[in-house]
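The values are calculated or read from the model by the stated rules, or taken from the named source; none is laboratory data. In this text, all values refer to a predicted model and were calculated from it rather than measured experimentally. Quick reminder, even Gly has a Cβ in these numbers, built from the backbone with ideal geometry, and neighbours come from all protein chains shown. The area values use the complete protein model at the heavy-atom level, side chains included, leaving out ligands, DNA and RNA. Shrake-Rupley method; radii C 1.70, N 1.55, O 1.52, S 1.80 Å.
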Amino acid sequence: MTEMQLNIGMARPQQPPAPPSMGWRIPGLLLEVRQHAPIWFQTLVLLCGMATGLGLSFLILLAAGVPADGLVVEFKSIFSNTTNIASLLTQLAPLLIVGLSAAVAFRVQFWNIGIEGQMIFGSIAATFVAINDIGPEPLRLPLMMAAAAIGGMAWIIVPALLRIRFGVNEIISTLLLNYVAVNFLLHLLYGSWRDPKSSFPNSEQYTAAERLPQLGWESLTYALPLALVLTLFCWWLFSLSRFGFYTRIVQSNPKMALAMGLPVIAVTLGAALLSGALAGIAGFTISSGVEYRLTQSFFLGYGFSGILIAFLARNNMIGAILVSILVATFFIASQSLQVFYQVPGAIVQLIQAVIVISVAGFEFFNRFRLRLAR
């Protein structure tokens, strides 16, 4: 036998190929897709991500020149007396509502980035009712809130229809409409709605019947009970109602929901309109409960904060309350830091971004599992 024949005759039969691994090989490690993470593990991952973000934020503030003991004093002072706690709760109300607004839209994979624009048009609609004395005084506040909800819905319906009918990316359309809303607001405040008494670019002050009434404790108004009622409503709607059941299917697999005959378009449009209405109401609570007029910058920072709250709460309505308290604390502390330590506003925005990136980075452990490769 020749050498070639010998090699052919002694060749071993080929082994069947190994089944594909449910993951990717890393030197010494095996990265596997995690099918399901228990709630306690997801909570632990979220807390670790937030702790990492807060730790990095602490280092950023130290690098910006804020002393460590000053940071501790600032955060302690927020809870040191009733006045500061009332300020925290006043800040909490609109933050909670914009967090709900973002979470409602995200539940059906509608990425509403135009919360600030919807807040603007909600406040414009409420101010229109106030300026023109529409309705009797006892009904003025309910009419202003209803107008604010309609204004927010009117500003989101175009991106929603563009997404549903033509597949236009709602991230782009809702974001660009923010700039349209801002410029329209400035057009009003520097034009026909300028305060006739002071000539400042603000609307005229609301009357007593057009302001949210006080709760009788410091400066706290009925904006906070309103925010809690809206939270309970959203929790019921998305946890116990048929609409909420539909949204869970649409969120997990829209194509399967459409194949099952579920009203995907109606569910998506309904969630988007509710998100816009909540954003409009949030604008109303600031104009009628804090500023008592329409101002140029009442909406600044709330859009990103709403997205942050929804992201950290994982679109959970009750969880949004806890996250909103954290974000409200950060809001109050950042204002003090800017006043007493001249911390630039850009540093505050950087800290928010660091927290989001840290939580998003730790989301890796909810999706994947690392094991030693054998």
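Condition check for VAL290 on (1) closer than 21 Å to CYS234 by Cβ; (2) open to solvent by 60 Å² or more (accessible area, probe 1.4 Å); (3) of a type in the set (Val, Ile, Thr): one failure, at (1). For region 79-96: of the residues being touching a helix residue (DSSP H, G or I) at 6+ places or on another chain (Cβ under 9 Å) and of a type in the set (A, V, I, L, M, F, W, C), which is farthest from LEU212 (Cα to Cα)? For region 79-96, the residue satisfying everything is PHE79. The set of residues from region 124-142 being in contact with a Leu (Cβ under 8 Å, 6 or more places away or on another chain) and among the acidic types (Asp, Glu) is empty.
In region 249-342, counting only helices (runs of 4 or more DSSP H) that sit wholly within it, the ones holding 3 or more residues that are of a type outside the set (A, V, I, L, M, F, W, C) and farther than 25 Å from LEU176 by Cβ span 319-340. Figure legend. Inter-residue proximity from region 243-259: first residues over 16 Å from ALA271 (Cα atoms), second residues not in a helix (DSSP H, G or I), beta-carbon distance below 6 Å, spacing 6+ or different chains. No pairs are indicated.
Screening region 188-247 for residues that are charged (D, E, K, R) and in a helix (DSSP H, G or I) and picking the one that is most open to solvent (accessible area, probe 1.4 Å) gives ARG242. In region 168-178 there is no residue that is within 22 Å of GLN91 (Cβ to Cβ), open to solvent by 60 Å² or more (accessible area, probe 1.4 Å) and either of a type in the set (Val, Ile, Thr) or not in a loop (DSSP other than H, G, I, E, B) (or both).
The number of residues in region 329-363 being within 16 Å of LEU46 (Cβ to Cβ) and open to solvent by 70 Å² or more (accessible area, probe 1.4 Å) comes to 1. Checking every residue in region 119-128 against the condition of being of a type outside the set (Asp, Glu) and at pLDDT below 80 gives zero matches. What do you reckon, is PHE304 open to solvent by 70 Å² or more (accessible area, probe 1.4 Å), over 25 Å from GLY65 (Cα atoms), within 12 Å of the chain's Cα centre (by Cα) and among the hydrophobic types (A, V, I, L, M, F, W, C)? Spelling it out, PHE304 is indeed open to solvent by 70 Å² or more (accessible area, probe 1.4 Å), over 25 Å from GLY65 (Cα atoms), within 12 Å of the chain's Cα centre (by Cα) and among the hydrophobic types (A, V, I, L, M, F, W, C).
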